[in-house]
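Reviewing the structure listed below.
The values are calculated or read from the model by the stated rules, or taken from the named source; none is laboratory data. Here the structure is a predicted model, which means the values were calculated and not measured. Cβ sites come from the backbone with ideal geometry, for glycine too, and all protein chains shown count toward neighbours. These accessible areas exclude ligands, DNA and RNA; they are computed on the full protein's heavy atoms, side chains included. Shrake-Rupley method; radii C 1.70, N 1.55, O 1.52, S 1.80 Å.
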Amino acid sequence: MSQIRPAIVMILAMTVITGFAYPLAMTGIAQVAFSHQANGSLIEQNGKVIGSALVGQNFTSDKYFHGRPSATSGPDPSDPSKTTSVPYNAGASTGSNYGPTSKPLMDRIAGDVAKLKAENPNTPVPADLVTASASGLDPDITPAGALFQVPRVAKARNLPEDKVRQLVADNTEGRFLGVIGEPHVNVLKLNMALDAASNP
């Protein structure tokens with residue numbers, strides 16, 4: 001009993017501390033100090049949640065900037081026992097797990113590069129427009145990736161390229177504290193600014 005009793009007391013104490021008190025304290029601090037981030041960095045438009053700044057969306061129209069390819073999947077609607085490609089599926093965050101010499105990966109990249117070169121033949125294709133992130137949910141692209149798409153978006157929107165290029169510049173976020181990370185453009189925020197500029 002002299003050993004069992006302290007062990008039981010320690011288990012109960014640590015369960016209360018690490019299982020209840022600590023998580024509640026951290027949740028409370030997060031809600032007070034970082035409420036927007038703790039609640040998913042949600043983006044609202046006209047009082048309606050349209051997405052998160054942390055999760056990409058599958059924009060396919062020529063009128064919008066496109067994000068990085070996504071390798072996420074989900075149940076096939078016609079056969080739930082199988083999976084099918086569902087880009088930016090936040091419930092199935094994953095990469096393709098293809099190796100650098102994988103034929104399906106190389107074929108997919110070659111097809112994407114050919115399509116992008118046809119869209120903008122005089123500019124090198126930025127790597128992030130043809131490579132998926134490890135999560136498949138990356139909401140950002142490089143400034144080069146956004147600028148590459150300017151001619152297509154401007155043409156589809158019937159806007160001057162300079163105006164669209166300025167929107168990219170206005171929505172480019174720099175390095176955190178000037179040194180951490182790389183400059184990037186959040187695709188959803190850029191597309192929201194594009195809609196606002198197209199419909200003043």
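Picking from Asn120, Asn97, which residue would you name as being open to solvent by less than 40 Å² (accessible area, probe 1.4 Å) and either small (Gly, Ala, Ser) or without any contact (Cβ under 8 Å) to a residue 40 or more places away in the chain (or both)?
Exactly one residue qualifies, and that residue is Asn120.
Do the conditions hold for Asp138, that is, is it open to solvent by less than 50 Å² (accessible area, probe 1.4 Å), under 16 Å from Phe65 (Cβ atoms) and assigned to a loop (DSSP other than H, G, I, E, B)? Give the steps one after another, and end with the answer.
Values: open to solvent by less than 50 Å² (accessible area, probe 1.4 Å): yes; under 16 Å from Phe65 (Cβ atoms): yes; assigned to a loop (DSSP other than H, G, I, E, B): yes.
Considered against the rule, which asks whether it is open to solvent by less than 50 Å² (accessible area, probe 1.4 Å), under 16 Å from Phe65 (Cβ atoms) and assigned to a loop (DSSP other than H, G, I, E, B), Asp138 comes out as yes.
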Unique match (being assigned to a loop (DSSP other than H, G, I, E, B) and β-branched (Val, Ile, Thr)) among Thr84, Thr131 | Thr131
Odd one out for Asn46 among (1) open to solvent by 40 Å² or more (accessible area, probe 1.4 Å); (2) in contact with an Asp or Glu (Cβ under 9 Å, 6 or more places away or on another chain); (3) of a type outside the set (A, V, I, L, M) = (2)
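Being among the small types (Gly, Ala, Ser) and not in a loop (DSSP other than H, G, I, E, B) narrows it down to one residue among Ala71, Ala21; which is it? Break it down into steps so the answer makes sense when it comes.
Details: Ala71 fails: not in a loop (DSSP other than H, G, I, E, B).
The unique qualifying residue is Ala21.
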Asn122 is checked against (1) modelled with pLDDT under 90; (2) closer than 19 Å to Phe59 by Cα and fails just one. What number does that condition carry?
-> (2)
Are any residues in the stretch 148-186 farther than 17 Å from Lys63 by Cβ, hydrophobic (A, V, I, L, M, F, W, C) and in a helix (DSSP H, G or I), and if so, which ones?
-> Ala169
